[in-house]
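**Q** Starting off with a structure, shown below.
The values are calculated or read from the model by the stated rules, or taken from the named source; none is laboratory data. Note that the structure is predicted; figures quoted are calculated from it, not measured. Using ideal geometry, Cβ is built from the backbone for each residue, glycine included, and neighbour counts are taken over all protein chains shown. These area figures cover heavy atoms from the full protein model, side chains too; ligands, DNA and RNA do not enter into them. Shrake-Rupley method; radii C 1.70, N 1.55, O 1.52, S 1.80 Å.
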Amino acid sequence: MVDIMKYNELKLTELKEKIKDCNGAYRLFCIDVDDVLFDIIPVMQKVLASIDYRATNKYREEISKETSEDAKAEFKKSYLILDAILEEHKCIIENDEGKKEKLDFSKPLIDYEKFYVDENLFPLAIEFIKFMILNKSKNDFFIFVSHRNPVREAIIKTRRLYELVPEIDGIITPPFHEEIGAEQMSNKGLFVMQILELDNLDNCILIDNSKSNGIRWRKLGGYDIRFLPEGFQAYHTLTDHMSKITKLDPFMIQFCISYIKYARLHPEYPDEIHQLEKTKKLVK
């Protein structure tokens, strides 16, 4: 049986050499997996509820309606429990009676095999990626860049992604937090730069549902396109519609890249777009 992580390591080494041979004339598309390729949130929330309801989004939505100090403490407690479950470690919290409650989630409780199945794929996601790879330019490369919690999640995810898209140039799965139990999230961009030995992300495009991931990527010189799993909302501006996507449509991705490039060269352009939006509202 092929050691999938060793195979992936070889693929990334090969990609690193290919990029070097391009002498800076390349594009690297980095595609997130959770909530971009796979619709993970509904599955994860159901699993979390079965382990400890306090770790769920629904529970945090309930307590967010309150503004008391107790509610703030409960909100923080919710994330402590969530991180302990996902990263499979112990934690100590204070219960409603003010007593210390020891929670032990060191035994694996999440079956990631059930997450990365065909039924959880976003419609046409794989087809769109395969289309982009099939029609790519000579110096275009495609990788998946996805956070993981336990190492076994990375192995399952990596194996499944190669089954779905064997043509992919590599898969990078950095740990979600810089240290287990810590709050600081690992920077995807820094991992990509380190593994592929890049000086910057000037030629790298990240497609990710996380706003914070995108901001970190942008600060390193890269292009970030926000993926909106729930689609565009009423509060999204015209600029949002031009710089974000709701499906992995290759034509919309290319449009977003062109828009972002133009907006960076012409900082006054986004202001004109916003002014147009205000004018439309006044006309209405």
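**Q** Exactly one condition in (1) in contact with a helix residue (DSSP H, G or I) (Cβ under 8 Å, 6 or more places away or on another chain); (2) in a loop (DSSP other than H, G, I, E, B) is false for K138; which is it?
**A** In the conditions (1) in contact with a helix residue (DSSP H, G or I) (Cβ under 8 Å, 6 or more places away or on another chain); (2) in a loop (DSSP other than H, G, I, E, B), K138 misses (1) alone.
**Q** Of the residues in segment 87-101, how many are of a type in the set (D, E, K, R) and at positive phi? Walk me through how you get there before you give the answer.
**A** Filtering segment 87-101 down to residues of a type in the set (D, E, K, R) leaves 87-88, 90, 94, 96-97, 99-101.
Restricting the remaining residues to those that are at positive phi gives 88.
Selection size over segment 87-101: 1.
**Q** Can you pull out the residues in segment 168-180 that are in contact with an Asp or Glu (Cβ under 8 Å, 6 or more places away or on another chain) and not in a loop (DSSP other than H, G, I, E, B)?
**A** Within segment 168-180, H177 is the sole residue that qualifies.
**Q** Going through segment 54-77 one residue at a time, which ones are open to solvent by less than 90 Å² (accessible area, probe 1.4 Å) and in a helix (DSSP H, G or I)?
**A** R54, A55, N57, Y59, R60, E62, I63, A71, A73, E74, F75, K77
**Q** Would you mind stating whether F122 is more than 17 Å from the chain's Cα centre (by Cα), touching a residue at least 60 places away in the same chain (Cβ under 8 Å) and under 25 Å from R27 (Cβ atoms)?
**A** It is false that F122 is more than 17 Å from the chain's Cα centre (by Cα), touching a residue at least 60 places away in the same chain (Cβ under 8 Å) and under 25 Å from R27 (Cβ atoms).
**Q** Okay, moving on. Which of the residues spanning segment 231-274 are touching a Leu at 6+ places or on another chain (Cβ under 9 Å) and closer than 22 Å to I31 by Cα?
**A** D240, K244, I245, T246, K247, L248, D249
**Q** Next up: State whether the residues of segment 96-108 include one that is of a type in the set (S, T, Y) and in contact with a helix residue (DSSP H, G or I) (Cβ under 8 Å, 6 or more places away or on another chain). Step through it out loud before you land on a result.
**A** Initially, segment 96-108 is screened for residues of a type in the set (S, T, Y), giving 106.
With the extra rule that they be in contact with a helix residue (DSSP H, G or I) (Cβ under 8 Å, 6 or more places away or on another chain), the set shrinks to none.
No; the residues of segment 96-108 include none that is of a type in the set (S, T, Y) and in contact with a helix residue (DSSP H, G or I) (Cβ under 8 Å, 6 or more places away or on another chain).
**Q** Taking into account only those residues within segment 1-47 that are free of Cβ contacts under 8 Å to residues at least 60 places away in the same chain and outside any helix (DSSP H, G or I), which is nearest to I155 (Cα to Cα)?
**A** Among those residues, the one meeting the criterion is D3.
**Q** What number of residues within segment 87-104 are acidic (D, E), closer than 20 Å to F75 by Cβ and within 31 Å of the chain's Cα centre (by Cα)?
**A** Residues that pass the stated criteria total 1.
**Q** Within 20 Å of F227 (Cα to Cα) and either assigned to a strand (DSSP E or B) or among the β-branched types (V, I, T) (or both) - does that describe any residue in segment 96-110?
**A** Among the residues of segment 96-110, not one is within 20 Å of F227 (Cα to Cα) and either assigned to a strand (DSSP E or B) or among the β-branched types (V, I, T) (or both), which makes the answer no.
**Q** Pairs under 8 Å by beta carbon, first residue free of Cβ contacts under 8 Å to residues at least 24 places away in the same chain in segment 229-245, partner open to solvent by 50 Å² or more (accessible area, probe 1.4 Å) and among the polar types (S, T, N, Q), six or more apart or different chains?
**A** From segment 229-245, the pairs are G231/T246; F232/T246.
**Q** Within segment 151-167, which residues are among the hydrophobic types (A, V, I, L, M, F, W, C) and assigned to a helix (DSSP H, G or I)?
**A** V151, A154, I155, I156, L161, L164
**Q** Still on this model: Please go through segment 78-104 and pick out each residue that is under 15 Å from I63 (Cβ atoms), hydrophobic (A, V, I, L, M, F, W, C) and open to solvent by less than 40 Å² (accessible area, probe 1.4 Å).
**A** I81, L82, I93
**Q** Using the structure shown, decide if A154 is closer than 16 Å to E87 by Cβ and either open to solvent by less than 50 Å² (accessible area, probe 1.4 Å) or out of contact with any Ser or Thr (no Cβ under 9 Å at 6 or more places or on another chain) (or both).
**A** Against the criterion (closer than 16 Å to E87 by Cβ and either open to solvent by less than 50 Å² (accessible area, probe 1.4 Å) or out of contact with any Ser or Thr (no Cβ under 9 Å at 6 or more places or on another chain) (or both)), A154 qualifies.
**Q** A follow-up question, please. Restricting the search to segment 21-44, which residues are among the charged types (D, E, K, R), touching an Asp or Glu at 6+ places or on another chain (Cβ under 8 Å) and open to solvent by 30 Å² or more (accessible area, probe 1.4 Å)?
**A** Within segment 21-44, just R27 meets the criteria.
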